[in-house]
Amino acid sequence: MQPLDTNKKKISILVPCYNEEKSLPLLYPELKNLMDKESSYDWEILFVNDGSKDNTLQIIKALRAADDRLCYVNLSRNFGKENAMLAGFDYVTGDCMIIMDADLQDPPSLIPEMLKYWEEGYKDVYAKRANRGKESWFRKKMSLLFYQILDHSTRFDVLQNVGDFRLLDRQCIEALKHLRESERYTKGLFCWIGFEKKEIIFDRGDRVAGDSNWNFWSLFNLAIEGICSFTTAPLRFATLIGAITAFGAFCFLLFYIGKTLIFGDPVQGFTSLISVILFLGGIQLICIGILGEYIGRIFHETKKRPTYLASEYNEDKVFQIK
């Protein structure tokens, strides 16, 4: 093991992993070539094994045995990518950190450009997708709709078509480490903390191996998480709908009372009455559901459970609660 040059800046690469046994043997050579080429920096690659059910952890250990620049954190179970990234924030030791996926959809060739802007003073250098790769038309449209809703309902700018692939300065890392909520939407947190940001446009590739762990429902849940974590607009929307519905019902009430008093006609129409009742019941259930989403998140946050449990750091069998 070669001693570290204290005059060199240290760069950490964070790679959350869940069932990536097919991708890691393809990712590591790319990162090794990058580290060897950019020898003016000290490097650290931190793999966070998020409770993988395949041989991901064994492959990571084998890679570390061949290259001591590799580190890993093994979580006690699958806590989700958002919490796995928080574990990475806690354990990386570099002056800056680059977050990327293991499937090579985030090209390592973009990292030198990120480092260049970081050296110029930018604290958050993020990669914006010029295209979203092999995604269905429906998924692309829903993603854009989600970003537009979130952007128009929050008090800070939300970056569209931007994922987790980015470089963060140590100041950003320390800021993110202090945000310990259990209901996490990290893409929103990146925007919330502020700091000087720089955009890089890139063409996102397709997975080199394996299958994506994100299906429609997991992405839908992430979207709900993002909206409920950063805006109360749905609650205001429910209040507005309730006020409009109540005003409309009051106007209809006055109309039918006047009609009965003036013309003496009784209120008729069983079908229309049932339709109105069902409509109002549906509106109430939607509003209760919106309220329930927020109450559920309050319930989870008040329990103050740790965001993850780490059972192993490198070769040390540890049990750490964060």
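Every number here is computed from the coordinates shown, using simple stated rules; none is lab data. No experiment lies behind these values; they were computed from the predicted model shown. Cβ: placed from backbone, ideal geometry, glycine included. Neighbour counts: every protein chain shown.
Among 101, 124, the order by Cβ neighbours within 10 angstrom, fewest to most, reads 101, 124. Legend: residue pairs 53/81; 9/37; 8/198; 123/187, Cα-Cα distance threshold 18 Å; pairs beyond threshold, 8/198.
Taking 41 Å as R0, compute the FRET efficiency from the Cβ-Cβ separation of residue 299 and residue 262 and round it to 0.05. Please report the intermediate quantities before stating the final value.
Working: r = 53 Å, r/R0 = 1.28.
With a Förster radius of 41 Å, E is 0.20.
Quote the FRET efficiency, to the nearest 0.05, computed for residue 179 versus residue 239 with a Förster distance R0 of 30 Å and r equal to the Cβ-Cβ distance.
On the way: r = 28 Å, r/R0 = 0.94.
Calculated value: 0.60.
Calculated FRET efficiency, residue 67 to residue 113, Cβ-Cβ distance, R0 = 22 Å: about 0.35 to the nearest 0.05. Ordered by the count of other Cβ atoms within 10 Å of each Cβ, fewest first, 103, 169, 50 give 169, 103, 50. With 0.36 nm allotted per residue and the present C-alpha distance subtracted, the residue 38-residue 284 stretch has 82.6 nm of extension available.
Before anything else, pin down the relative contact order of the range 19-110: Cα pairs under 8 Å, at least 6 apart, normalised by residue count, whole percent. Answer for the range 19-110 is 38 percent.
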